[in-house]
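The values are calculated or read from the model by the stated rules, or taken from the named source; none is laboratory data. Values in this document were obtained by computation on a predicted structure and should not be read as measured data. Cβ sites come from the backbone with ideal geometry, for glycine too, and all protein chains shown count toward neighbours.
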Amino acid sequence: MSLPPLRPLSNDVSVAGQLDASAMAELARAGFKSVINNRPDHEGGPDQPTNASIQSAAISAGLAYAYLPVNPAVQSADEVAQFRALVETLPKPIAAFCRTGTRCGKLFQAAQLA
């Protein structure tokens with residue numbers, strides 16, 4: 001898989017739509033150091049890659065990895081705080097992904113205001 005378009009939100013954080021296990025090595029080659037998965041397992045049905053498969057590939061590629069599944073419609077204050085903590089502590093640059101990248105962008109924006 002080639003990487004889907006990554007949208008930079010800052011110098012340290014970019015967002016993307018669904019990534020799969022094969023994208024982890026591509027992210028590492030592109031210079032990313034960490035990945036945040038904001039998409040709950042099976043949200044898109046049984047063909048969606050699972051967190052476990054993506055995490056394993058990320059670790060094999062030398063990336064730090066965090067799983068913070070959030071609802072696409074509503075992100076709680078606690079989830080925003082958790083996202084902010086991940087952005088502050090994970091090695092940078094960070095690629096965050098969900099179905100389209102939109103909820104990652106919402107989390108990032110809310111974390112900047114928190």
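General observations
- Meets criteria (surrounded by fewer than 18 Cβ atoms within 10 Å (Cβ to Cβ), modelled with pLDDT of 95 or more and of a type outside the set (S, T, N, Q)) for Asp41: yes
- Of all residues in the stretch 58-106, those satisfying the criterion of being among the aliphatic types (A, V, I, L, M), under 20 Å from Pro4 (Cα atoms) and buried (at least 21 other Cβ atoms within 10 Å of the Cβ) are Ala58, Leu63, Ile94, Ala95, Ala96.
- Of all the numbered requirements in (1) surrounded by 14 or more Cβ atoms within 10 Å (Cβ to Cβ); (2) hydrophobic (A, V, I, L, M, F, W, C); (3) out of contact with any helix residue (DSSP H, G or I) (no Cβ under 7 Å at 6 or more places or on another chain), Val13 misses one, and that requirement is (3).
- In this structure, Ala21 does satisfy being over 18 Å from Pro93 (Cβ atoms), in contact with a helix residue (DSSP H, G or I) (Cβ under 8 Å, 6 or more places away or on another chain) and crowded, with 16+ Cβ neighbours inside 10 Å.
- Any chance Ile36 is modelled with pLDDT of 95 or more and either out of contact with any strand residue (DSSP E or B) (no Cβ under 9 Å at 6 or more places or on another chain) or farther than 19 Å from Ala110 by Cα (or both): no
- Only one of the numbered conditions (1) modelled with pLDDT under 95; (2) touching a strand residue (DSSP E or B) at 6+ places or on another chain (Cβ under 6 Å); (3) polar (S, T, N, Q) is violated by Gln75, and that is (2).
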